[in-house]
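First the structure, in the form of structure tokens, and then the observations on it.
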Number of protein chains: 2
Amino acid sequence: MIKPRTAPGTLELLPTEQIAFQRMLDVIRSGYERFGFLPIETPAYEVTDVLLTKTGGETERQVLFVQSTGALEKAAANPAAGLPDLALRFDLTVPLARYVAEHEHQLTFPFRRYQMQRVYRGERPQRGRFREFYQCDIDIIGKDGLSSRHDAECPAVIHTIFTDLAIGPFTVQLNNRKLMRGYFEDLGLTDADLQVTVLREVDKLDKRGADAIRQTLVGEGLGLSEEAADAVLALVAVRSTSHQEALAHLDRVLGESRGSELLATGVAELREVLTVLRDLGVPESDYALNFSIARGLDYYTGTVYETTLDDHPEIGSVCSGGRYDDLAGQYTKSTLPGVGMSIGLSRLFWQLREAGLVQTAESTVQVLVPQLDEAHLPQCLALATDLRQGGINTEVVLDGGKLGKQLKYADRAGIRFVAILGEQEVGAGTVTIKDLRRQDQFSVARDEIVPALRVELAQPLDLPRDD
Amino acid sequence: MIKPRTAPGTLELLPTEQIAFQRMLDVIRSGYERFGFLPIETPAYEVTDVLLTKTGGETERQVLFVQSTGALEKAAANPAAGLPDLALRFDLTVPLARYVAEHEHQLTFPFRRYQMQRVYRGERPQRGRFREFYQCDIDIIGKDGLSSRHDAECPAVIHTIFTDLAIGPFTVQLNNRKLMRGYFEDLGLTDADLQVTVLREVDKLDKRGADAIRQTLVGEGLGLSEEAADAVLALVAVRSTSHQEALAHLDRVLGESRGSELLATGVAELREVLTVLRDLGVPESDYALNFSIARGLDYYTGTVYETTLDDHPEIGSVCSGGRYDDLAGQYTKSTLPGVGMSIGLSRLFWQLREAGLVQTAESTVQVLVPQLDEAHLPQCLALATDLRQGGINTEVVLDGGKLGKQLKYADRAGIRFVAILGEQEVGAGTVTIKDLRRQDQFSVARDEIVPALRVELAQPLDLPRDD
């Protein structure tokens with residue numbers, strides 16, 4: 001006998017949780033589609049040399065490789081042959097780059113795609129950190145150019161999705177790496193590597209605190225002057241609380257600039273993003289400038305985003321992303337600038353569940369048809385068929401048992417309605433409906449059960465009934 | 001520069017194809033849910049000793065193993081350590097067995113689950129045979145027992161799904177391995193191993209033809225008498241063309257039996273399946289007895305199914321499955337009988353595409369808002385927001401360009417409506433709608449665009465308009 005167990009670092013859900021997870025996936029997909037993004041899926045694994053072109057040593061150490069028995073035998077016979085031929089994707093960005101470069105001539109640009117699949121990282125499993133997890137990405141890829149207006153579309157769709165997910169108030173926080181680097185330029189920090197190093201330090205502000213960051217900035221490695229460190233820390237303290245205030249911050253930063261073109265470009269880009277966000281009707285309470293958001297990845301070159309839950313700052317960013325200059329330079333000579341955001345859904349779900357914010361009360365099954373008397377099974381089956389053809393998710397009890405036990409099962413499983421067809425009902429041409437949520441019951445004519453249940457299902461549950 | 005390419009044996013789709021594929025997934029999922037099946041997902045890989053308990057050498061040779069860089073290094077240092085710790089699932093049945101055994105005490109039985117995920121096989125890639133492909137499975141798992149009535153639920157839901165997929169007429173074909181083995185018993189073929197071998201031969205009837213099968217049956221290895229071989233071939237030639245005829249075939253087989261209890265049980269089970277199928281309202285034209293269906297896998301013990309497209313017999317079975325006595329004997333002492341069916345969607349999609357049966361004309365994007373004049377971008381953005389809030393999938397052109405080019409893009413991309421907001425429309429408070437499918441256009445008040453488009457989208461496209 002082998003002990004049944006899941007592999008370490010994977011998140012496997014019970015059906016009620018899976019239903020809640022699936023509903024989140026559906027909300028995300030629906031949001032992406034409403035904003036005109038097209039679906040793609042890529043294989044779970046890529047050819048190793050395609051996957052690992054861009055990456056450094058750390059990513060390669062986290063890659064999970066794939067090998068058939070035959071490949072394992074070959075590798076054992078020739079240990080110097082190098083890495084296995086195939087490897088599981090560690091994000092959806094590299095597969096997107098490969099996809100766009102491979103199918104470039106069959107796609108229309110700007111190419112707006114969404115992709116919701118699992119990715120794999122061979123890191124040490126930790127609480128809430130998974131080796132297999134869902135990412136739900138959107139990206140807009142231009143050919144040769146892509147206006148900054150597109151940088152407003154990602155936060156707008158994310159706004160729609162987080163509103164629909166109904167997990168509490170949230171803020172999409174915006175910054176721009178050109179603005180940051182231009183500001184550093186004005187401070188005399190013109191070395192590009194140094195700018196990137198400073199950005200990476202600043203990105204740790206929330207974790208390490210301003211004092212620790214200051215010490216690093218003026219320390220031996222970076223060597224900023226006290227004045228420069230002060231100025232950097234002053235900038236990264238900026239947060240806006242309204243649309244007007246955000247514009248005013250940009251005006252001030254530009255007004256105080258010593259002439260960096262990069263800063264002026266960053267300000268102009270952020271201004272355009274803010275304008276389009278407002279024109280798209282995103283409420284100003286739901287977005288803000290936050291000049292401490294730098295994103296660790298050097299990949300980003302302009303707008304950067306993070307999204308936080310206002311009531312759960314401890315969760316950190318639940319949706320991040322940004323603008324990049326060239327998606328697929330390793331695969332194609334075409335210049336493909338883009339902008340994107342990503343929701344790490346497995347981690348978000350796990351955190352919401354930890355915080356007690358996942359609703360698992362309602363099954364996908366809407367009606368249970370219990371079995372009172374085997375003699376009426378044909379009528380029960382016909383009833384179930386009518387309900388199903390009416391679009392209502394229905395389970396029929398085929399094995400019988402006590403009604404009380406069947407009702408208890410429905411209640412525990414989160415099935416809201418029970419449609420009872422016993423001796424009496426069959427005689428009268430009716431069905432007795434029990435509403436287990438509202439704890440009441442009523443009788444409907446057998447012919448009218450589908451419209452009657454549709455009306456019930458369409459009503460919001462929280463309202464008291466008016467009978 | 002690295003050549004962008006997908007790994008061998010994977011099926012990657014362009015967005016229009018992905019939309020068609022996703023629609024098939026949605027139809028399948030909706031069908032499974034309508035019949036009261038609950039969703040689960042399992043990790044892509046399992047612990048190797050959990051995955052490979054039951055399987056023989058052939059399956060193990062097809063398994064794809066997963067290893068981190070660290071594990072590769074360890075394996076290189078100790079080549080005798082055996083197989084890698086993790087392996088990708090090769091079907092959804094073994095993960096289901098592991099899931100049910102692992103979570104047994106948190107599940108309610110009969111446990112009705114659906115699962116739609118990719119599986120992996122390290123076989124040599126061939127045309128239309130993939131190493132990574134979707135399986136869409138349903139199973140009903142009982143504890144200690146599960147009545148044969150459940151064997152009718154799988155073909156009933158498959159019937160609903162193939163009806164909704166609208167890929168032409170199809171037949172769910174039924175048989176029962178107890179009936180077959182009981183019939184062999186009556187012929188004096190009482191050895192269980194011999195029975196299984198004969199079943200496996202019979203399963204090749206369509207491929208090899210009756211003459212070749214007869215030669216194998218009477219040949220050295222199996223050694224059936226001419227009479228026994230004749231009787232076997234007479235049985236497997238049986239097909240029903242109506243419900244009554246199916247019942248008559250069962251009566252005849254039972255009447256001619258020399259008393260095998262196994263045969264009587266098989267007949268009773270099939271009779272119950274047929275009865276419940278009829279009571280569930282499945283049209284008799286869509287199911288049939290076919291006594292040549294044996295399924296190669298010894299795993300199956302009772303009812304077995306295959307589904308064929310009537311107009312495309314060359315495709316073979318597009319959905320198969322059956323009844324098994326014990327799902328998870330390798331993981332738990334509990335006896336878990338079950339019944340299930342599986343749609344191999346990647347292969348089905350590929351075959352439908354080859355046959356020209358995949359409809360890729362319609363985008364998920366329903367409306368394009370083109371950009372005529374940058375000055376009206378705010379109005380265009382507000383229009384898009386209204387459409388999106390009205391549940392209509394909308395793309396806005398943010399970068400401008402000639403209207404003709406924008407219309408051509410919409411047409412090629414399969415976007416049906418274009419909502420034009422130019423100087424004139426803004427002045428008049430209207431929007432001009434172009435219907436690219438019907439090739440006409442009309443004007444609506446700006447305030448009424450959402451209900452107007454909803455009406456258009458709700459109308460079937462094939463009907464001529466009555467204006």
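Expressed as an acute angle from 0 to 90° and rounded to the nearest 10, what is the orientation of the C-alpha long axis of helix A:261-279 relative to the principal long axis of chain A?
Rounded to the nearest ten degrees, it is 20.
Which whole-percent values make up P(r) of region A:367-458 when all C-alpha to C-alpha distances are grouped in 10 Å steps starting at zero?
17, 57, 25, 0
Taking only Cα atoms, what is the 0 to 90° angle, nearest 10, from helix B:377-389's long axis to the longest principal axis of chain B?
Helix B:377-389 and the main axis of chain B meet at about 30 degrees.
How many Cβ atoms of partner chains, on average, are near each residue of A:328-339 if near means within 10 Å of its Cβ?
On the way: counts 1, 1, 3, 5, 4, 1, 0, 0, 0, 0, 0, 0.
Mean shielding by partner chains, rounded to a whole number: 1.
Can you give the Kirkwood hydrodynamic radius of the protein assembly as shown from its Cα pairs, in Å with one decimal?
Kirkwood hydrodynamic radius for the protein assembly as shown: 30.9 Å.
Show the residues, 5+ positions off or on another chain, whose built amide H is closer than 5 Å to the amide H of B:Ile415.
B:Ser363
Using the basic label-point model (7 angstrom from Cα toward the beta carbon), what is the A:Asn78 to B:Arg5 distance in nanometres?
Between A:Asn78 and B:Arg5, the simple spin-label model gives 1.7 nm.
Cα-based Rg (one decimal) and Dmax (whole number) for region B:154-276, in Å?
Looking at region B:154-276, its Cα Rg and Dmax stand at 15.8, 48 Å.
If you take every DSSP beta bridge whose two residues both sit in the protein assembly as shown, what share of them, in percent to the nearest 5, is antiparallel?
85 percent
Evaluate Rg over Rh across chain B, taking Cα atoms for both radii and Kirkwood's formula for Rh.
Ratio of gyration radius to Kirkwood radius for chain B: 1.07.
Can you give the average number of partner chain beta-carbon atoms within 10 Å of each beta-carbon in peptide A:392-400, as a whole number? Provide the component values of the computation, followed by the final result.
Details: counts 1, 7, 4, 8, 6, 1, 10, 8, 1.
Across A:392-400, the average partner-chain Cβ count within 10 Å equals 5.
Out of the DSSP beta bridges found with both residues in region A:367-458, what percent are antiparallel (nearest 5)?
65 percent
Once phi is turned into ³J(HN,Hα) by the Karplus curve 6.51 cos²θ - 1.76 cosθ + 1.60 with θ = phi - 60°, what whole-Hz value does each residue of region A:150-165 show in order, with x for glycine and proline?
Along region A:150-165, the couplings run 4, 5, 8, 5, 4, x, 5, 5, 5, 4, 4, 5, 5, 5, 5, 5 Hz.
When you count, for each residue, the other Cβ atoms within 10 Å and take the mean per peptide, how do B:302-310, B:202-210, B:350-358 rank with the highest first?
Per-residue mean Cβ counts within 10 Å order the peptides as B:302-310, B:350-358, B:202-210.
Explain nothing, just the number: dipole magnitude of region A:367-458 about its Cα centre with +1 on each Lys and Arg Cβ and -1 on each Asp and Glu Cβ, in debye rounded to the nearest 20.
Approximately 420 debye in magnitude.
Rank A:Leu348, A:Leu64, A:Ala328 by how far each Cα sits towards the positive end of the charge dipole of chain A (+1 on Lys, Arg Cβ; -1 on Asp, Glu Cβ) and give me just the farthest.
Selected residue: A:Leu64.
If you fit an axis through the alpha-carbon atoms of helix B:449-458 and take the longest principal axis of the Cα set of chain B, what angle between them do you get, 0 to 90°, nearest 10?
Orientation of helix B:449-458: about 30 degrees from the principal axis.
Can you tell me the equivalent ellipsoid semi-axes for region A:45-88? Use √(5λ) from the Cα gyration tensor, largest first, whole Å. List each step's numbers first, then the result.
On the way: eigenvalues 78, 25, 14 Å².
The three semi-axes for region A:45-88 are 20, 11, 8 Å.
Roughly what % of DSSP beta bridges within chain B run antiparallel, to the nearest 5?
If I count the DSSP bridges inside chain B, around 85 percent turn out antiparallel.
How well do other chains shield peptide A:271-277, expressed as the mean number of their Cβ atoms within 10 Å of each residue Cβ?
1
Could you give me the ³J(HN,Hα) list for region A:320-336, computed from phi with Karplus coefficients 6.51, -1.76, 1.60 and θ = phi - 60°, whole Hz, x at Gly and Pro?
10, x, x, 9, 9, 7, 8, 6, 9, x, 6, 10, 8, 7, 5, 8, 10
For region B:29-45, take each phi angle, set θ = phi - 60°, evaluate the Karplus expression 6.51 cos²θ - 1.76 cosθ + 1.60, and give the result in whole Hz per residue in order, putting x for glycine and proline.
Along region B:29-45, the couplings run 4, 4, x, 4, 6, 5, 8, x, 8, 9, x, 9, 10, 10, x, 5, 10 Hz.
Just from the alpha-carbon atoms, what are the Rg and Dmax of region B:308-467 in angstroms?
Here Rg and the maximum Cα pair distance are 24.0, 76 Å.
In deg cm²/dmol and to the nearest 500, what is the mean residue ellipticity at 222 nm of chain B if only DSSP H runs of at least 4 residues count, each as -39500 (n - 2.57), divided by the residue total?
-12500 deg cm²/dmol
With each pseudo-label sitting 7 Å past Cα toward Cβ, what's the A:Leu297-B:Ala192 distance in nm, one decimal?
5.6 nm
Compare the peptides A:218-228, B:103-113 by average per-residue count of other Cβ atoms within 10 angstrom and give them in order, highest first.
On the way: A:218-228: 12.9, B:103-113: 17.1.
The most tightly packed comes first, giving B:103-113, A:218-228.
Where a number appears in this text, it was derived from the coordinates with a stated rule and is not lab data. All values reported here derive from a predicted model rather than from experimental measurement. Cβ coordinates were reconstructed from backbone atoms using ideal geometry, including for glycine residues, and neighbour counts include every protein chain displayed.
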